[in-house]
Amino acid sequence: MNLLTRFLRLSHAERALLLEAVVGLTAAGVLLRLFAFRRLAPRLGQHQAESPTVSDPASIAAADRIREAIDIAARRLPWKPVCLPQAVSAQWMLRRRGIASTLYLGINPSSDYDAHAWVRAGRMIVTGGPRPEGFVVVSTFA
C-alpha cells in the first residue's frame, strides 16, 4: 500500500495531526537554519525551568499521539529532521494543546561531546527517546 493510500485511510484527526507535525518540523528546521539559536530560545519557554513530572491521562494520550505524528513525519520527510527540530516542533504542538513539557538540550561527554535535544511531557519522552542516557543536561526550556 502506498503512502497516499495509507494517509487517506487515517481519520481526519490523525491526518490533521500528521500535517501539523510536517508543518512544525518544516518551520522549526527553517527557523533553526536562518536564525541564531539565542534568538529562538526565548520562544521555547522559560529558560532553566522544568515542567511537572505528573500529568493527567488525557494529556499523556495526546502527547503519545504527538510523539507518533512527529516520528512518522520525520521518517517520511526528504530532509530527515534531526533531534532539535523534532523537539521544537513537539514542544510547539504540546503547548498548543496546553500540555506542560520541557525541552532539554544535552551533551554526551563520553562520546566526543555529541549534542542531543529531547522533550518530556509528564514522565513520557516525546521526542529524542526512548531514554537519552549518557547525556548531561546543559539547558532546559519549559
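Here is a list of conditions, (1) farther than 28 Å from A58 by Cα; (2) touching a Gly at 6+ places or on another chain (Cβ under 8 Å); (3) of a type in the set (G, A, S), and A87 meets all of them except one; can you say which number that is?
The single condition A87 does not satisfy is (1).
Find the residue count for the stretch 2-32, including only residues that are among the hydrophobic types (A, V, I, L, M, F, W, C) and under 18 Å from I66 (Cα atoms).
The qualifying residues number 13.
Looking at the structure I just gave you, is S11 surrounded by 12 or more Cβ atoms within 10 Å (Cβ to Cβ) and either modelled with pLDDT under 95 or not acidic (D, E) (or both)?
no
In the stretch 96-110, is there at least one residue being aliphatic (A, V, I, L, M), farther than 24 Å from A27 by Cα, without any contact (Cβ under 8 Å) to a residue 40 or more places away in the chain and surrounded by fewer than 19 Cβ atoms within 10 Å (Cβ to Cβ)?
yes
Examine the stretch 59-76 for a residue that is in contact (Cβ under 8 Å) with a residue 60 or more places away in the chain, of a type outside the set (D, E, K, R), more than 21 Å from G29 (Cα to Cα) and in contact with a Gly (Cβ under 6 Å, 6 or more places away or on another chain), and state whether such a residue exists.
Yes, the stretch 59-76 contains at least one residue that is in contact (Cβ under 8 Å) with a residue 60 or more places away in the chain, of a type outside the set (D, E, K, R), more than 21 Å from G29 (Cα to Cα) and in contact with a Gly (Cβ under 6 Å, 6 or more places away or on another chain).
The values are calculated or read from the model by the stated rules, or taken from the named source; none is laboratory data. Everything quoted here is computed from the prediction, not taken from an experiment. Because the Cβ atoms are built from the backbone with ideal geometry, glycine has one as well, and the counts that use them run over all protein chains shown.
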